[in-house]
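Working notes for the structure below.
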Amino acid sequence: MAYDYDLFVIGAGSGGVRASRIAASFGARVAVAEEYRIGGTCVIRGCVPKKLLVYASHFGEDFEAAEGYGWTVGERSFNWQKLIADKDAEIDRLNGLYIKTLQGAGVRMIDGRAVVTGPNSVQVAGKTITAERILVAVGGWPSMPDVPGIEHAITSNEALHLADLPEKLVIVGGGYIAVEFAGIFAGMGVAVTQLYRGEQILRGFDDDLRNRLAKEMVAKGIDLRVGTNVTLIEKTDGGVRLSLTDGSIMDTGAVMYATGRHANTAGLGLETAGVELAPNGAIKVDAYSQTNVDNIYAVGDVTDRVQLTPVAIKEGHAFALSVYGGMLTSPEHDAIPSAVFSQPPIGTVGMSEAEAVAAGHSIDVYESDFRPMKHTLGGSSERAYTKMVVDSESDVVLGAHMIGLDAAEIIQGIGIAVKAGLTKAQFDATVAVHPSSAEEFVLMRNKRD
Ligand code: NDP
């Protein structure tokens, strides 16, 4: 049977765009449908706008530091509306670049929400389109718990477009998004309260990073309350009133939920094609991103493997190489470096100390706690910390972790070494870059007792 396309991709985010482009480069006839804007979560309402806001919010501290370096900084003021307009213009620019890339690759872009109507067919913009293969790359969407009054809460989506900066903001959650946005808004002068239901923020990260970040956030004025959740949200004239699990009541300008993200599969018609989903709605795939239906594949957040843009891109690329490039490639999910753009930032790769122990390794831990050089004259009391978890039998570095200035930039290079399975001795044999914070990773000599 002749199909309209060789490949129909649903969702033009990081994973879908990469897969479309690479498949087309191998000669496949590709169409991609997008219901909102080309670029997806990362470009439109995730990594990119978030990082621009992180830069913006850090200037307050940078101005203070500048005075320690001999600068006189005049009167300061901050214009949220200008920042948001400039941020939106940058996103428009990137969106345009993504469109150009797809056009250049010969990929047909279709505006609209595509719904699967069978193993080889989708319906979009009122038309049925057939394809030999379908790739689902529709990403995820913020999950909100079933708290009475939750309709009065916002998510990170709305936080990036607030008409005005509130005086007070409550953020619920203790993951990546919650700590990043707490830092952003606190840096802009908003009185931020962060509520986390567990014992310590960033569950799953190395405990030393978690404890140190919590301490630094409190030092920056964030009212961090662990073991606390919201039981009721009520609208007030000035914002919202929250009832908390500790029995207290809080009035605040807005409440933002950052309580995880779920796969965007509702109403996608996957059941009509017999695609198997996990109980949380994520699409089940094998090591080559293939679903239980032979010609339907899925990549990125919709598969809930690792919810990170570069992982979605790798999965999309591997899919196109495997299916259209004649190079069977499975995206590797081990030793994935990642950064939390908290203030200070975190960079991490490999196993935490607790994970290494739980996996049965006998380990040595190396650590260094220091004041980054920039802060000596800059005056900030913020500290930095590096940590390595090493298998004591093989000397292989199982995990490397950092919190402090430039941690995100530093961990990328360290990630190569950890992914390559290098030993502590090979780190030690590397000459330090001096003076830097990164050099701690080749200078840590003393085992923790
Ligand atoms: P996370 O899964 O990181 O964190 C969710 C948080 O919400 C956890 O602290 C969780 O608590 C809490 N939570 C879950 N359900 C409830 C509830 N019913 N009531 C109260 N708290 C609740 O999700 P995020 O939304 O922060 O981010 C989604 C994903 O996006 C991340 O996992 C990450 O992979 C990705 N991301 C990556 C970034 C980066 O690379 N820098 C930046 C932003 C997002 P508990 O720990 O108890 O489960």
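The values are calculated or read from the model by the stated rules, or taken from the named source; none is laboratory data. Keep in mind it's a predicted model, so treat the numbers as computed, not measured. Every residue, glycine among them, receives a Cβ derived from its backbone with ideal geometry; neighbour counts consider all protein chains shown. Note: accessible area is taken over every heavy atom of the protein model, side chains too, but ligands, DNA and RNA are not part of it. Shrake-Rupley method; radii C 1.70, N 1.55, O 1.52, S 1.80 Å.
The H on the amide N of Leu232, modeled in the peptide plane, is under 5 Å from the matching H of Ser243, each at least 5 residues off or on a different chain. Using the alpha-carbon positions of the stretch 111-221, Rg (one decimal) and Dmax (whole number) come out as 20.0, 57 Å. Projecting the Cα positions of Phe63, Leu213, Val226 onto the charge dipole of the chain (unit charges on Cβ atoms of Lys, Arg, Asp and Glu, taken about the Cα centre) puts Phe63 furthest along the positive direction.
What is the ratio of the Cα radius of gyration of the stretch 297-370 to 2.2 N^0.38 Å, with N the residue count, to two decimals?
Values: Rg = 16.4 Å, N = 74, 2.2 N^0.38 = 11.3 Å.
Working it through for the stretch 297-370, the quotient is 1.45.
Using θ = phi - 60° in the Karplus curve 6.51 cos²θ - 1.76 cosθ + 1.60, the 3J(HN,Hα) couplings for the stretch 380-386 round to 5, 8, 4, 10, 10, 8, 10 Hz; x is entered for Gly and Pro.
Dividing the convex hull volume of the alpha carbon atoms of the stretch 1-147 by its residue count gives 168 Å³ per residue. In order along the stretch 190-196, the phi-based Karplus estimate (6.51 cos²θ - 1.76 cosθ + 1.60, θ = phi - 60°) of 3J(HN,Hα) comes to 7, 7, 9, 10, 10, 10, 10 Hz; Gly and Pro are listed as x.
Given R₀ = 45 Å, what would the calculated FRET efficiency be for Val115 paired with Ser77, taking r from the Cβ atoms and rounding to 0.05? Result of the calculation: an efficiency of 0.40. Applying 0.36 nm per residue to the separation of Asp237 and Asp294 and subtracting their alpha-carbon distance, the gain on full extension is 15.1 nm.
In this structure, the amide hydrogen of Arg29, modeled 1.01 Å from its nitrogen in the peptide plane, lies closer than 5 angstrom to those of Asp6, Leu7, counting only residues at least 5 positions away or on a different chain.
Before rounding to the nearest 500, sum -39500 (n - 2.57) across all DSSP H runs of length at least 4 in the chain and divide by the residue total; then give [θ] at 222 nm in deg cm²/dmol.
Dividing the helical sum by the residues of the chain leaves -9500 deg cm²/dmol.
Restricting the stretch 143-236 to GluC sites (Glu not before Pro) that sit in a DSSP loop and have at most 14 other Cβ atoms within 10 Å of their own Cβ leaves Glu167, Glu199.
Can you compute the charge dipole magnitude of the stretch 248-378 about its Cα centre, using +1 on each Lys and Arg Cβ and -1 on each Asp and Glu Cβ, nothing else charged? Give it in debye, rounded to the nearest 20.
On the way: 6 positive and 15 negative charges, 83 e Å.
In debye, rounded to 20, the stretch 248-378 gives about 400.
log₁₀ I(q)/I(0) of the stretch 321-449 at q = 0.09, 0.21 Å⁻¹, via Debye over equal Cα point scatterers, no solvent, to two decimals? For the requested q values the scattering log ratios are -0.29, -1.21.
Residues whose amide H lies under 5 Å from that of Gly399, counting only those 5 or more places away or on a different chain, are Met351, Val389; hydrogens are built 1.01 Å from N in the peptide plane.
When you count the other C-beta atoms within 10 angstrom of each residue and take the mean per peptide, 301-309, 47-55 line up highest first as 301-309, 47-55. Note on the chain: Kirkwood hydrodynamic radius from all Cα pairs is 23.8 Å, rounded to one decimal.
In a DSSP loop and with at most 10 other Cβ atoms within 10 Å, the chymotrypsin sites (Phe, Trp or Tyr not before Pro) in the stretch 70-121 are Trp71.
Counting only other residues whose beta carbon sits under 12 Å from that of Tyr297, what net charge do I get with K and R as +1, D and E as -1?
On the way: positive: Arg133, Lys284; negative: Glu132, Asp286, Asp294, Glu315.
Taking every Cβ under 12 Å from that of Tyr297, the sum is -2.
Along the axis of the charge dipole computed for the stretch 258-339 (Cβ charges of +1 for Lys and Arg, -1 for Asp and Glu, origin at the Cα centre), the listed residues Thr265, Pro310, Val293 are led at the positive end by Pro310.
Rolling a 1.4 Å probe over the protein heavy atoms gives the stretch 28-100 an accessible area of 55 Å² per residue. Relative contact order for the stretch 41-196: 27 percent, from Cα pairs under 8 Å spaced at least 6 residues apart, divided by residue count.
Using the Cα centre as the reference, give the magnitude of the dipole from point charges on the C-beta atoms of the chain (Lys, Arg: +1; Asp, Glu: -1; all else neutral), rounded to the nearest 20 debye.
820 debye
Debye calculation, C-alpha points only, no solvent: report log10 I(q)/I(0) for the stretch 105-172 at q = 0.20, 0.24, 0.28 Å⁻¹, in the same order as the q values. Evaluating at q = 0.20, 0.24, 0.28 Å⁻¹ gives log10 I(q)/I(0) of -0.90, -1.11, -1.37. Averaged over its residues, the stretch 202-357 has an accessible area of 43 Å² per residue, based on protein heavy atoms and a 1.4 Å probe. Solvent-accessible area of the stretch 264-401 (1.4 angstrom probe, protein heavy atoms only): carbon and sulfur portion equals 54 percent.
Each of Thr376, Val107, Val396 was scored by the projection of its Cα onto the charge dipole of the chain, and the greatest displacement toward the positive side belongs to Val107; charges sit on the C-beta of Lys, Arg, Asp and Glu.
Where the centroid of each part is defined by its Cα atoms, how far is the stretch 128-198 from the stretch 260-300 in Å? For the stretch 128-198 versus the stretch 260-300, the Cα centre distance is 24 Å.
Normalised by the number of residues in the stretch 86-172, the mean separation of alpha-carbon contacts (under 8 Å, six or more apart) gives a relative contact order of 11 percent. Contact order, relative form, for the stretch 11-81: 26 percent (alpha carbon pairs under 8 Å, 6 or more residues apart, mean separation divided by residue count).
The Cβ shell under 15 Å around Ile336 holds other residues with a net charge of -4, Lys and Arg each +1, Asp and Glu each -1.
Each residue of the stretch 415-420 is assigned a 3J(HN,Hα), and the resulting list reads x, 4, 5, 5, 4, 6 Hz, derived from the Karplus form 6.51 cos²θ - 1.76 cosθ + 1.60 (θ = phi - 60°), x at Gly and Pro. Based on the Kirkwood approach, the hydrodynamic radius assigned to the stretch 178-220 is 10.9 Å, with every pair of different Cα atoms included.
Of all lysines in the structure, those lying under 23 Å Cα to Cα from Lys235, and not within fewer than 8 positions of it along the same chain, are Lys168.
Counting other C-beta atoms within 10 Å, and keeping those with at most 15, which DSSP coil GluC sites (Glu not before Pro) do you find in the stretch 316-410?
Sites meeting the loop and neighbour criteria: Glu332, Glu393.
So what does the Cα-only Debye profile of the stretch 361-409 read at q = 0.26, 0.28 Å⁻¹, as log10 I(q)/I(0), no solvent term? Taken in order of the listed q values, log10 I(q)/I(0) reads -0.90, -0.97. Calculation over all alpha carbon pairs of the stretch 61-115 in 5 angstrom steps from 0 returns a P(r) of 4, 14, 12, 12, 12, 11, 9, 7, 6, 7, 5, 1, 0 percent.
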